[in-house]
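Everything on this sheet refers to the single structure shown next.
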Amino acid sequence: MKILVFGAGANGKACRAYIKRYKRDEFAGFLDNDVNKRTIKDAEGKESPVYRPEEITNLQYDQIWISNSSRTQVLEIKEQLKKLCVPKDKVFVLLDDQEALVNVLSNYNQYDELTDNRVVWLRNFAGYAKEEKLEGNVAECGVYMGEFSYFINRYFPDKSLYLFDTFEGFDEQDLRVERSHNSDVFLKSIFNDQSFFAGANEHIVLERMLHPEKCVLKKGYFPETAVDVNDQFCFVNLDMDLYQPMLAGLRFFYEKMCSGGVILMHDYFHPELPGVKQAVTEFEKERGLKTCKVPIGDFCSIAVVVP
Ligand SMILES: C[S@@+](CC[C@H](N)C(=O)[O-])C[C@H]1O[C@@H](n2cnc3c(N)ncnc32)[C@H](O)[C@@H]1O
């Protein structure tokens, strides 16, 4: 069977890797509306073509897999394919098949262990934490598919790893607050969409872990899911993108960190997510302190080192 994958983002790449690994079917290329994407390299550096949806009539295929994790985008793509006269029975939506979704996504990690700067930083920090005997457990707030959590679990094998996520994407109340800030860049960004991260689930996350027995799953709205957590922590990754939950994360974890522990604020430098930096500023104002912050060399994170 010849399969075209709609969406040349991380989920699309996971589909390609899955189809190639099992070799039952043939990966025939990507479809994507982004005119700037022409080819996408795989893990071996081999290029795959990216076609415009309008080119479908010239392509041979048996099935089109819609890989997007956003319900809104899936509906738009289905409509687009209908207009291009693609038969309904040739369209497969990854989000609609839980078993396929877990299989495809839990076997793929977009972060490369050797070259991803955040992963390299984490590995070094975990080694340092061990040498320095930093006490406490580890956590990630904003887990999504668990791709970064996988490395936290791997590099801190002896520590309990708390995993906080709605697994249903952003919460409407957080989005309301974000929209009320009236930042044009956010309002026009892909993040201004409740369903943008709705395609993940806890099964994908736990399936990929090396030490699942160390994971403590906290599914639901953060900080409500944290009320019974009183542990000390040496490393926390805050990656919930929006002002309100990121501020809640700082308020919750700051006093629970061991001396020398780090709260990593993902997206601090992200141009489309200004709420993250605002959350840090607000936290510092509330507490009347200046936190010790160090960029880690990836494109958007800052480490808050707790004294
Ligand atoms: C950018 S993704 C996390 C990516 C992940 N850390 C990684 O590196 O692969 C953001 C996640 O935060 C979650 N999230 C946002 N606000 C939340 C809240 N108030 N409570 C729980 N989860 C939340 C979303 O559901 C989404 O899965």
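The values are calculated or read from the model by the stated rules, or taken from the named source; none is laboratory data. As the structure is a prediction and not an experimental result, all values here were calculated from the model. Every residue, glycine as well, gets a Cβ built from its backbone with ideal geometry; the counts of neighbours run over all protein chains shown. Just the protein is used for accessible areas: all its heavy atoms, side chains included, with ligands, DNA and RNA removed. Shrake-Rupley method; radii C 1.70, N 1.55, O 1.52, S 1.80 Å.
Kirkwood hydrodynamic radius (Cα pairs, Å) of segment 89-150? Write out the running numbers ahead of the final one.
Numbers: mean 1/r = 0.0694 Å⁻¹.
One decimal place: 14.4 Å for the Kirkwood radius.
At 1.4 Å probe size, put His181, His203, His211, His270 in order of accessible surface, largest to smallest.
Values: His181 70, His203 105, His211 50, His270 30 Å².
Order by accessible area, largest first: His203, His181, His211, His270.
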A student asked for the Cα radius of gyration and Dmax of segment 212-307 in angstrom ought to give 13.1, 39
Kindly express, to the nearest 10 degrees and within the range 0 to 90, the angle between helix 10-22's C-alpha long axis and the longest C-alpha principal axis of the chain. 60 degrees
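I need the per residue convex hull volume for segment 2-106, using only the alpha carbons, in cubic angstrom as a whole number. Provide the component values of the computation, followed by the final result.
Numbers: hull volume 10.5 nm³, N = 105.
Expressed per residue, the convex hull around the Cα atoms of segment 2-106 is 100 Å³.
Quick check: residue separation of Gln232 and Lys88 times 0.36 nm, minus the Cα distance between them. What number comes out in nm? Let's see the in-between values first.
On the way: separation 144, 0.36 × 144 = 51.84 nm, distance 5.25 nm.
Using 0.36 nm per residue and subtracting the Cα-Cα distance, I get 46.6 nm.
Could you list the trypsin sites (Lys or Arg not before Pro) in segment 209-307 that lie in coil according to DSSP, counting only those with at most 13 other Cβ atoms within 10 Å of their Cβ?
Details: sites: Lys214, Lys218, Lys219, Arg251, Lys256, Lys277, Lys285, Arg287, Lys290, Lys293; in loops: Lys290.
Hits after loop and neighbour filter: Lys290.
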Contact order normalised by residue count of segment 158-307, Cα under 8 Å, 6+ apart, percent: 23 percent
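Over all alpha-carbon pairs in segment 68-123, figure out the percentage whose distance exceeds 15 Å.
On the way: 981 of 1540 pairs.
Result for the distance tail: 64 percent.
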What list of ³J(HN,Hα) couplings, whole Hz, do you get for segment 90-98 from phi and the Karplus terms 6.51, -1.76, 1.60, once you set θ to phi - 60° and write x for glycine and proline? 9, 9, 10, 9, 4, 4, 8, 10, 4
Subtract the Cα-Cα distance of Asn192 and Lys23 from 0.36 nm times their separation in residues, and report this length gain in nm to one decimal. 57.1 nm
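With a 1.4 Å probe and all protein chains left in place, how much of the accessible area of the chain comes from carbon and sulfur atoms, in whole percent? Don't skip to the answer; put the middle values down first.
Details: 7220 of 14600 Å².
Result for the chain: 49 percent of the exposed heavy-atom area is carbon or sulfur.
Would you mind putting 50-56, 60-66, 113-119 in packing order, based on average other-beta-carbon counts within 10 Å, highest first? Before the final figure, lay out the partial values.
Values: 50-56: 16.1, 60-66: 17.7, 113-119: 14.1.
Taking the mean over residues of other Cβ atoms within 10 Å, the ranking is 60-66, 50-56, 113-119.
Note down the relative contact order for segment 1-97 as a percent, whole number, built from C-alpha pairs under 8 angstrom at least six residues apart. Present the calculation step by step, with values, prior to reporting the outcome.
Working: 146 pairs, mean separation 29.4, N = 97.
Relative contact order here is 30 percent.
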Quick P(r) readout (the chain; Cα-Cα; 10 Å bins; whole %) gives 6, 26, 33, 23, 11, 3, 0
